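Participant: Please find one structure pasted underneath; my questions will follow.
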Amino acid sequence: MIAEAGHYALVLALGLALIQSIVPVIGAKLRDTALMQVARSTALAQLLFVGLSFLALVALHVTSDFSVANVYENSHSLKPLIYKITGVWGNHEGSMLLWVSILALFGGLVATFGNNLPLSLRAHVLAVQGWISTAFYLFILVTSNPFLRLANAPMEGRDLNPVLQDVGLAVHPPLLYLGYVGFSISFSFAVAALIEGRIDAAWARWVRPWTLMAWMFLTLGIAMGSYWAYYELGWGGWWFWDPVENASLMPWLAGTALLHSAVVMEKRNALKVWTILLAILTFSLSLLGTFLVRSGVLTSVHAFATDPTRGVFILLILCFFIGGSLTLYAWRASALKQGGLFAPISREGSLVLNNLLLTTACATVFVGTLYPLGLEVLTGERISVGAPFFNLTFAPLFVPLMLAMPFGPLLAWKRGDLLGAAQRLYAASGAALIAVAVLWAWVRGGSAFAPLAIGLAIFVIAGALTDLAERCMLFRVPLPISWRRARGLPRAAWGTVFAHAGVGVALIGIVCESTWNTELITTLKPNDVAKVAGYEMKLDDITQRQGPNFSELVTHFTVTSNGKTIGVMTPSKRNFTTRSASTTEAALLSRGPSQLYVSLGDAAANGGIAVRIYHKPMVLLIWFGPVLMAFGGLLSLTDRRLRVGAPKPAKTARALQPAE
Amino acid sequence: MIGCALLVLGIAVALVLNALRDSIVFFSTPAMVAEKHIPAGKRFRLGGLVEPGSLQRGEHLAVSFKISDGSATLPVAYQGILPDLFREGQGVVAEGALDPAGVFKADTVLAKHDETYMPKEVADALKKQGHWKDDYGANAGKKSGDGGKSMQGASR
């Protein structure tokens, strides 16, 4: 019953999406208010029905209804409740349903909070959202129906892939999708602007918060995924330059560029055409990511392979939306008037540089991800492009980006003073140079790379703080006045500081972890002691334990440092009987931002067990950095200016005049 | 400003081409290794089935095994912890280089999580050479999990 109801709700949502795709556009053409208003109600109703459909699938998983193929293949009655719920999106069909649910959620948000948008713009935006949802509802219903019944209901399910039975799955895909799909809003706004043939600062003011929100979730989603891979896969790596990871990194890079160019557009009414293009590209890359992950075209460490009908279907969706929007862009972009001239050395100029470097970096990732695919199609030769490629291309592009980062906020709009900005960065440069000198002395002539990279990170962080100090005139006016100024600063300014500092923090983590990481792989017997980076780890015992749907080999390690016990670590190896698959559960012990990491290998013949022990200095900063960035995004999002949304009515009259 | 943009793009293209020349890794099966005369020291990925009965463990976690594709086999040496689902008779992909004696020194071994599956490259290569048997895994190339990494690696 529930399955049929869920299926029916999904079909209804498709019907509503079809209405939403067509009626508002006709309404806008005829300038018929009632028809344009249809967009709002259909968007909300669509959200309701797809939400019901999603809840139906959750209910089926929770009640372990194995007569439904999707539940049978991905669930088990003994699986803990939380994994029964997260297992809903731990498979192809369910995750696509989550995808469209989030799409409908964003459509619903625009419908709810879009009251101060011009009516025709809102109608167009929601219609474009309707096109996207229609395509994906069709995709789900035709190729990936999660509500398919099995003729003979089995007694027990096949269980979820053990690697996915982890809280990481509860958080990572929803966050990632909120990011991916969130960019559909900026895409819809861009396409709507092209259809209407006009665009202005109010448009940018509308697009920015949506982009910011999507970017924030995507940042957290990527960071979360990286941390998940780090602790779940048991070999301490946190980024693999795997195509599926790149699929989420590309929209992030383009989205970061979009975020910055939208600032220029909002403040200076410049870079309009470019911003529109970026909005289209960002969501296109999200769609490309969905294609890469969902169609199974990639030989990936993730290997999501599914059957080709799905791939072809998504490829068609991809061609339609990317091709269609770019054609529309080529046709209509010339109608959009450029405005706001600026000198090369200016805030705008620095943001253009930011965009240039970010999009180029994005392009290198694109090449590295798709080149093997293209080569295989053309020549049949199989290659893999891994970390060395990206270290040689991506990293050199990020160095100038980070060097330029502190300068941007210190330059004035229109025409900036580079020398003045450089002078204000004396303190930051000094801090960076001291850091380089101290580290260099400390590593005693070792590789120069790490001290220089950390110096760069310190420069970025200190540069972000310099911007803050400048804004509240620290040390130039009495402290209480500085404090008052700091409190009076727009939250967006604080957001910039946090986000930029976050990049520096992440870089420190990345450099420290990859340079000074200690690794010990050995075989230990009970009561053996391993020494890693000044810590002594004693293997106390090896025991067997029974979990709900797995059996587990558990070891206890007592960790001591200078004779003092600082903790117990219990890494284990789980064996999942249903899938006869095993997973390695690493144990982590945090010491400040550094971590000890232990994972188990095979049991040896002599009663010992192979272990892998790492000491990873500053490793937590790798993920703390993105959290800071996302927090910066959140601060910006709560800025009064963005909360209020479109400009005040008095200004609106002027701002909304057609740009032609 | 356009000059600056072209400069950045130019540098990026140079970087990409340079990196593509130096850092891509080709995939081979043991038979292809024999055909192509891959020189010692050149990094590549070797894929095939772990030959049953060939796995030997030595001191200090040293392991050696043979990778076979039905028509040729190649000895592989590795030191470290093998991935959870490394099994004799199962598909595997190893990355490393040949030593002068013709032994493949692997520094990374990738195996698949799901027992009914084998790496796509391996499946394709075996099919191409006509050594594909259905019992190698009816679900090869079919779906595994979602949102996670279903191939598992071990790296020194």
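The values are calculated or read from the model by the stated rules, or taken from the named source; none is laboratory data. These figures come from a predicted structure and were not determined experimentally. Neighbour counts are summed over all protein chains in view; Cβ atoms, including those assigned to glycine, are modelled from backbone coordinates with ideal geometry. Heads up: the accessible areas ignore ligands, DNA and RNA and are worked out on the full protein's heavy atoms, side chains in. Shrake-Rupley method; radii C 1.70, N 1.55, O 1.52, S 1.80 Å.
Participant: Leaving out ligands, DNA and RNA but keeping every protein chain, what accessible area does A:Tyr83 have, in Å² rounded to the nearest 10, with a 1.4 Å probe?
Facilitator: 40
Participant: Residues in segment B:72-113 near a label at B:Phe26, defined as backbone nitrogen under 15 Å from the 7 Å Cα→Cβ point?
Facilitator: Under cut-off, by backbone N: B:96-98.
Participant: Another question, then. When only the heavy atoms of the protein chains count and the probe is 1.4 Å, how do B:Cys4, A:Cys319 rank by accessible area, highest first? Walk me through the numbers on the way to the answer.
Facilitator: Working: B:Cys4 60, A:Cys319 80 Å².
Ranking B:Cys4, A:Cys319 by accessible area, largest first, yields A:Cys319, B:Cys4.
Participant: A follow-up question, please. Scanning chain A for helices, which whole DSSP H stretches are 30 Å or more long along the axis (Cα) and average 0.5 or more by Kyte-Doolittle?
Facilitator: On the way: long enough: A:2-30 (41 Å, 1.56); A:33-62 (44 Å, 1.58); A:92-113 (32 Å, 1.45); A:119-143 (36 Å, 1.39); A:167-196 (45 Å, 1.48); A:201-232 (45 Å, 0.43); A:243-268 (37 Å, 0.38); A:272-295 (34 Å, 1.55); A:347-379 (46 Å, 1.00); A:449-471 (33 Å, 1.51); A:491-516 (37 Å, 1.04).
Both cut-offs are met by A:2-30, A:33-62, A:92-113, A:119-143, A:167-196, A:272-295, A:347-379, A:449-471, A:491-516.
Participant: Say a paramagnetic label sat at a point 7 Å from the Cα of A:Leu138, along Cα to Cβ; which residues of segment A:96-110 have their backbone N under 19 Å from it?
Facilitator: Within reach of a label on A:Leu138, which here means backbone N under 19 Å from a point 7 Å along Cα→Cβ, segment A:96-110 contributes A:96-97, A:99-101, A:103-104.
Participant: Still on this structure, please answer the following. Under the definition of partner shielding as Cβ atoms of other protein chains within 10 Å of a residue Cβ, what is the mean value for peptide A:358-365? Walk me through the numbers before you get to the answer.
Facilitator: Numbers: counts 0, 4, 8, 2, 0, 4, 5, 0.
The per-residue average across the peptide is 3.
Participant: Follow-up. Got a sec to turn the phi values of segment A:584-594 into Karplus ³J(HN,Hα) couplings, 6.51 cos²θ - 1.76 cosθ + 1.60 with θ = phi - 60°, whole Hz, x for Gly and Pro?
Facilitator: Along segment A:584-594, the couplings run 9, 9, 6, 10, 10, 10, 8, 10, x, x, 8 Hz.
Participant: With r defined as the distance between the Cβ atoms of A:Ala412 and A:Val443 and R0 fixed at 56 Å, what FRET efficiency is calculated, to the nearest 0.05? Spell out each step's value before the answer.
Facilitator: Working: r = 40 Å, r/R0 = 0.71.
So, using R0 = 56 Å, E works out to roughly 0.90.
Participant: Now for a separate question. Give me the inter-chain shielding for A:622-630: mean count of other chain Cβ atoms within 10 Å, whole number please. Don't jump to the answer; show the numbers that get you there.
Facilitator: Working: counts 0, 0, 0, 0, 0, 0, 0, 0, 0.
Mean partner-chain Cβ count within 10 Å for A:622-630: 0.
Participant: What order do B:Arg57, B:Arg21, A:Arg158, B:Arg45 take when sorted by accessible area (1.4 Å probe), most exposed first?
Facilitator: On the way: B:Arg57 150, B:Arg21 175, A:Arg158 90, B:Arg45 50 Å².
Order by accessible area, largest first: B:Arg21, B:Arg57, A:Arg158, B:Arg45.
Participant: Quote the FRET efficiency, to the nearest 0.05, computed for B:Asn18 versus A:Ala34 with a Förster distance R0 of 56 Å and r equal to the Cβ-Cβ distance. Please list the in-between numbers first.
Facilitator: Working: r = 61 Å, r/R0 = 1.08.
Plugging the Cβ-Cβ distance into 1/(1 + (r/R0)^6) gives 0.40.
Participant: Let me cross-check A:Val568: its accessible surface, 1.4 Å probe, with only protein heavy atoms counted, in Å² to the nearest 10?
Facilitator: Number for this one is 90 Å².
Participant: Sum -39500 (n - 2.57) across every DSSP H segment of at least 4 residues in chain A, then divide by the residue count to get the 222 nm mean residue ellipticity, nearest 500. Before the final figure, lay out each step's value.
Facilitator: On the way: 23 runs with 418 residues, N = 660.
Helix contribution divided over all residues of chain A: -21500 deg cm²/dmol.
Participant: Oh, and also: Long-range amide H contacts for B:Ala72: which residues qualify at under 5 Å (H placed 1.01 Å from N, peptide plane, sequence gap of 5 or more or a different chain)?
Facilitator: So B:Ala72 has HN proximity to B:Ala31.
Participant: Please list, by residue number, every one of the trypsin sites (Lys or Arg not before Pro) in segment A:1-78 that is coil in DSSP and has at most 11 other beta-carbon atoms within 10 Å. Can you show the working numbers first?
Facilitator: Working: sites: A:Lys29, A:Arg31, A:Arg40; in loops: A:Arg31.
Those satisfying the criteria are A:Arg31.
Participant: Note down the accessible area of A:Leu316, probe 1.4 Å, to the nearest 10 Å².
Facilitator: Only protein atoms counted, so the area is about 110 Å².
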